[in-house]
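Read the structure below first, then the notes.
The values are calculated or read from the model by the stated rules, or taken from the named source; none is laboratory data. All values derive from a computational prediction rather than experimental measurement. Glycine gets a Cβ as well: all are built from the backbone with ideal geometry, and neighbour counts include every protein chain shown. Heavy atoms of the whole protein, side chains included, go into the accessibility calculation; ligands, DNA and RNA do not. Shrake-Rupley method; radii C 1.70, N 1.55, O 1.52, S 1.80 Å.
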Amino acid sequence: MLEITLPDGSVRQYPGPVTVFDVAASIGSGLAKAALAGRVNGQVVDTSHLIEANSALAILTNKDPEGLDVIRHSSAHLMAYAVKTLFPEAQVTIGPVIENGFYYDFSYSRPFTPEDLVSIEKKMTELASKDEPVVRRVLPRDEAIAFFKDLGEHYKAEIIQSIPAGEDVSLYSEGAFTDLCRGPHVPSTGKLKFFKLMKVAGAYWRGDHRNEMLQRIYGTAWESKDALQGYLLMLEEAEKRDHRRLGRELDLFHIDEHAPGLVFWHPNGWTIWQGVEQYMRQVYRDNGYLEVKGPQVIDKTLWEKTGHWDKYRDNMFTTESEKRDYALKPMNCPGHILIYKQGIKSYRDLPLRYGEFGQCHRNEPSGGLHGIMRVRGFTQDDGHIFCTEDQILQECTDFTSLLQKVYKDFGFEDIIYKVATRPEQRIGSDEIWDKAEAALKHSLDVSGCQYEVSPGDGAFYGPKIEYTLKDAIGRQWQCGTIQVDFSMPERLDAEYVALDSSRQRPVMLHRAIVGSLERFIGILIEQHAGALPTWLAPVQVAILTITESQADYAQDVAKMLKNQGFRVLLDVANEKITYKIRSHSMRKLPFLLVIGDSEKASGSVAVRARGNVDLGVMTIAEFVQKLQVEIDHKK
């Protein structure tokens, strides 16, 4: 008898080999209808997969993440089917699953237009409605090459030629379309119902700029109509919040072709920057960090000692002087060890916490640059803690608490925690790794945090916690991290004098809360849709006069507020007050103070809050108190 163990631990017996679909059907017709694929002994397979030995099996539906991946993979093939139906001369290349969707690259004689996308999507719906079976077959490598050459699909033939001779390859067919693929796929096209094509972009064949430029069609696919609509609404909202657009509209920054990947900060944007930096500087002071500053250019030999040269050489900007090779620093940690090594350190000095707003440079590919989110020059709120092994737990626990407070002050309370554990290729004993991983997990337990484990995703020198925040529209941004490093202090010969007078290596904890300030400010802009909280807003108050006769009083009010440290804009222009209110409201300012003759006479101001909220008339003192409370409470 063949035994199949299901996820709930129950075991089903069958007289002989069975397919995944057979097992689903034996459980119930509803499950058989919903089945998209199966997971057999951890491997995702088609529902037609034949199980011939005792196995663990999970039936995958559209409620499972793997099931959604199968939907998206199959949707890519459905799109290729539709393209070949409408444009027979087009050649198909590759079509993988990506986050929230899929794409497929095509070689075609003319650019695809938006109208083409509408036609392709319509044809996909038509083909899906036929509910054609998706059938897998296996061919020897050389037969598969011949098959695709006969079809005129030279890219597919080239892909197969890179497979070792003598191996078999799998093909999937649906209706008149056959594609090369390892699978798995949905059992029939009728399972594909909720998709949309998004855009066309250029992409080089096999990612090599020396090859032909192909056309990449992006699409998204979901398990339900509501999920699809929710995603499209999120994209619409994301477009409104795009930090690049808001950066222009609110006059915050710009990127110039004369310095690709580097940011030109305008006065308003630099005010936000200073708000973030000065806040983090206070965090340093309040939590026992000593602020340091390392040089921008460091000799190549240091990067070789730390191992960065071998791993990051292609992303480092280099220069030469007097026959010595240097690199602009891509990270701050080696410099902090050199600072630590100046003078003898005792166990009494530990933990020793260094913090730096360190400017780093990485030679990112131009295609990967994205506003201020992904740049070539950036500044980190970089910190390194030198401690003993026994201090790891407390330092990690304290760091998590600190990070939570900082994120809350910036408007983020939904945090995802992940512990990345030892990779196969690593240095250090298992005993040390056991202790470091246990300390990280225990620190999250102590902090009351639910966390995921990412097996094997740690750095080669130690495990880490990754802190990912979720923004107002559900997007995730991995910002904070704390990493346990036993390697770099060893490589750069850092030590301290222990209680027994022996020389010991400190443990180095790499930690960041906001990470790149450029990227974090971009996230903040999008989180708040440009309407930054009062404490961070470049202009906190705009004072608007109704007529010229209030100008002197308005100037006195502005001077008084500025003297108390508030950021104020004065508008005494000879314009209609309705125009002024509308214009400054579009700048998303927290407060507008309107001054007319009655306000001037009574020494008061008419207060309007962001969102066109009329707060009525207040004395200057009352308004100052309200403004200060908002700033103090990080509103």
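Key figures
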{"quantity": "Given charges at Cβ of Lys, Arg, Asp, Glu: the chain dipole, positive-most of ILE4, THR545, GLN625", "calculated": "THR545"}
{"quantity": "Unit charges on C-beta of K, R, D, E only; dipole of the chain, Debye", "calculated": "1080 debye"}
{"quantity": "Anchor LYS156: aspartates and glutamates whose Cα lies under 19 Å away (excluding residues fewer than 8 positions away in-chain)", "calculated": "GLU89, ASP105, ASP142, GLU143, GLU167, ASP168, GLU174, ASP179, ASP208, GLU212"}
{"quantity": "Mean accessible surface per residue for region 62-206, computed with a 1.4 Å probe while every protein chain stays in place, in Å²", "calculated": "48 Å²"}
{"quantity": "Virtual paramagnetic centre 7 Å along Cα→Cβ of GLN394, amide N under 15 Å, in region 426-455", "calculated": "443"}
{"quantity": "Solvent-accessible surface (1.4 angstrom probe) belonging to ASP22, in square angstrom, nearest 10", "calculated": "70 Å²"}
{"quantity": "Inter-part distance where region 174-231 and region 353-413 are each reduced to a Cα centre, Å", "calculated": "36 Å"}
{"quantity": "Rounded to 10°, Cα long-axis angle of helix 114-129 versus longest principal axis of the chain", "calculated": "50 degrees"}
{"quantity": "Filtered trypsin sites (Lys or Arg not before Pro), region 433-524: DSSP coil and at most 15 other beta carbons within 10 Å", "calculated": "ARG475"}
{"quantity": "Cβ-derived FRET efficiency at R0 56 Å, LEU151 paired with VAL446, nearest 0.05", "calculated": "0.35"}
{"quantity": "Solvent accessible area, Å² - ILE415, 1.4 Å probe, full protein context", "calculated": "20 Å²"}
{"quantity": "Gap separating the Cα centres of region 458-534 and region 87-142, nearest whole Å", "calculated": "42 Å"}
{"quantity": "GluC sites (Glu not before Pro) lying in DSSP loop within region 268-346, provided at most 16 other Cβ fall within 10 Å", "calculated": "GLU322"}
{"quantity": "Extension gain from ASN563 to ARG281, taking 0.36 nm per residue of separation minus the Cα-Cα distance", "calculated": "99.2 nm"}
{"quantity": "Flagged links, alpha-carbon separation over 22 Å, of LYS562/LYS600; LYS84/LYS199; LYS588/LYS626; LYS33/LYS122", "calculated": "LYS33/LYS122"}
{"quantity": "Computed E for ALA472/SER429 - FRET, C-beta separation, R0 45 angstrom, nearest 0.05", "calculated": "0.50"}
{"quantity": "Helical contribution to [θ] at 222 nm, DSSP H n ≥ 4, -39,500 (n - 2.57), averaged over the chain, rounded to 500", "calculated": "-11000 deg cm²/dmol"}
{"quantity": "Highest average packing first - 259-268, 80-89, Cβ atoms within 10 Å", "calculated": "80-89, 259-268"}
{"quantity": "Full-stretch length increase - LEU615, ILE27 - with 0.36 nm per residue and alpha-carbon distance subtracted", "calculated": "205.4 nm"}
{"quantity": "P(r), alpha carbons of the chain - 10 Å bins starting at zero, rounded %", "calculated": "3, 12, 18, 20, 20, 16, 8, 3, 1, 0"}
{"quantity": "Region 503-617 - Rg and Dmax from Cα coordinates, angstrom", "calculated": "19.8, 76"}
{"quantity": "Cα gyration tensor, region 332-386 - rounded (a/c under 1.5), prolate or oblate", "calculated": "prolate"}
{"quantity": "Tilt relative to the chain, helix 267-286 - C-alpha long axis, 0 to 90 degrees, to 10", "calculated": "90 degrees"}
{"quantity": "DSSP-assigned coil residues among chymotrypsin sites (Phe, Trp or Tyr not before Pro) in region 137-242, each with at most 13 further Cβ atoms within 10 Å", "calculated": "none"}
{"quantity": "Calculated FRET efficiency for the pair ALA34/LYS405, C-beta based, R₀ 35 Å, to 0.05", "calculated": "0.20"}
{"quantity": "Extended-chain gain in nm, criterion 0.36 nm per residue less alpha-carbon gap, ASN211 and GLU52", "calculated": "52.8 nm"}
{"quantity": "Label-to-label distance, nm, for residues given as ASP251 and PHE264 (7 Å Cα→Cβ offset)", "calculated": "1.5 nm"}
